[in-house]
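One structure is given here, and the rest of the page talks about it.
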Amino acid sequence: MYEKFFKRLLDIILSAMALIVLSPILLVLAVIGAVAMKGNPFFVQPRPGKKGKDGKERIFKLVKFRSMSNAKDRNGNLLPDADRLNKYGIWIRDTSLDELPSLINILIGDMTIVGPRPQLVRDMTFMTAEQRRRHTVRPGLTGLAQINGRNNITWEQKFEYDLQYIDNGITFLGDVKIILGTVVHVLRRDDTVREGTSSDLDFGDWLLEQEKVDKDTYEEKQVEAKELLGMR
């Protein structure tokens, strides 16, 4: 009953309330971000969501506060991540405030408060069928993996926690424990290394580095991701 009805109802109520209460903070952060990033303070990126009736993941647009600038070199190429991450970007990541705009995704039904974190589309193409079972539920703002090491555990461990969350049964009490655990981690600023920085590889890059995929398979999966994003 909770998973099928009350969980979504709570998502709507809590995300709407949070957006109203936090609107002054969101406005201030948007203004500061626009100045710090010298442009659009928001970051929008396609992510795989819950599977539809056709068994395929629905791609949605995740909204976050931008933490890296779009600074480019003389040839028009983006500078390395480390060069695009300024003090504001480090701070907003460290405090997890960059995640606040994702409340919009929760309100409209792309995401839920607690569930497997939405990874990149190119990460999804490298997942096994078993690992992609994580997409049988809505992706979450936080999840079991985020309170058990977050980005200081391996990709495979993350997916194991995601599936454990699903297989153990999604309950109200379980979600409350994860939310409270997340609050503690945020206040302590634990495990705040994030995807997209030099200290954390994409799933495919990690598999290649660990020699769990060969170069040909790696290239094929990258092409598959581009096709899913309509980049070809």
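Tell me which helices (runs of 4 or more DSSP H) are completely within the stretch 50-129 and hold 1 or more residues being closer than 26 Å to MET37 by Cα and touching a helix residue (DSSP H, G or I) at 6+ places or on another chain (Cβ under 6 Å), or say none if there are none.
Details: elements: 81-84, 87-94, 103-108, 121-124.
Where helices (runs of 4 or more DSSP H) fall fully within the stretch 50-129 and carry at least 1 residues being closer than 26 Å to MET37 by Cα and touching a helix residue (DSSP H, G or I) at 6+ places or on another chain (Cβ under 6 Å), they are 87-94, 103-108, 121-124.
Of everything in the stretch 211-232 that's assigned to a loop (DSSP other than H, G, I, E, B) and not basic (Lys, Arg), which residue is nearest to VAL121 (Cα to Cα)? Write out each step before concluding.
Within the stretch 211-232, the subset assigned to a loop (DSSP other than H, G, I, E, B) is 211-214, 229-232.
From what's left, not basic (Lys, Arg): 211, 213-214, 229-231.
Numbers: GLU211: 21, VAL213: 17, ASP214: 19, LEU229: 8, GLY230: 12, MET231: 12 Å.
So the residue we want is LEU229.
Please list, ordered by first then second residue, the pairs with beta carbon atoms under 7 Å, 6 or more apart or interchain, first in the stretch 10-27 and free of Cβ contacts under 8 Å to residues at least 60 places away in the same chain and loosely packed, with under 11 Cβ neighbours inside 10 Å, second in a helix (DSSP H, G or I) and not aromatic (Phe, Trp, Tyr).
Sorted first by the residue in the stretch 10-27, then by its partner, the list stays empty.
Restricting to the stretch 60-88, name every residue that is under 17 Å from the mean Cα position of the chain (by Cα) and surrounded by 13 or more Cβ atoms within 10 Å (Cβ to Cβ).
Matches in the stretch 60-88: PHE60, LEU62, VAL63, LYS64, PHE65, ARG66, SER67, MET68.
Does VAL44 satisfy the condition of being modelled with pLDDT of 95 or more and assigned to a helix (DSSP H, G or I)?
No; evaluated as a whole, the condition is false for this residue.
The values are calculated or read from the model by the stated rules, or taken from the named source; none is laboratory data. Just so we're clear, the structure is a prediction, and the values are computed from it rather than from any experiment. Cβ: placed from backbone, ideal geometry, glycine included. Neighbour counts: every protein chain shown.
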